[in-house]
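Report on one structure; see the data block that follows.
The values are calculated or read from the model by the stated rules, or taken from the named source; none is laboratory data. Given the structure is predicted, the values throughout are model-derived calculations rather than measurements. Counting neighbours? That spans all protein chains shown, and the Cβs are built from the backbone with ideal geometry, glycine included. Just the protein is used for accessible areas: all its heavy atoms, side chains included, with ligands, DNA and RNA removed. Shrake-Rupley method; radii C 1.70, N 1.55, O 1.52, S 1.80 Å.
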Amino acid sequence: MELSFTGGDVTSDGGVMLLRQADNYLNLLSALAKVFSNGRAKHKVKHNPESIIRQRVYGIALGNEDLNDHQTLRRDPAW
């Protein structure tokens, strides 16, 4: 028998999955995104308003209100 304690892909942000399920059920962030007008040139846009709002709200809810944290979080398995 061989044991390994390397941990593999581990996250401390498991709550994001519950938050996403609640968001999908309530559809609040989708409704909020529809309130904002998007005057950007479509051919230059990489992220839609809904995904930007979702990233910001999820980050704040999980204690990562500083947008600099999101660069690291994008490699997090739960996100």
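Averaged over residues, the count of other Cβ atoms within 10 Å places the peptides 40-49, 16-25 in the sequence 16-25, 40-49, highest first.
Where only protein heavy atoms count, and the probe is 1.4 Å, what is the accessible area per residue for region 11-59 in Å²?
For region 11-59, the per-residue accessible area is 77 Å².
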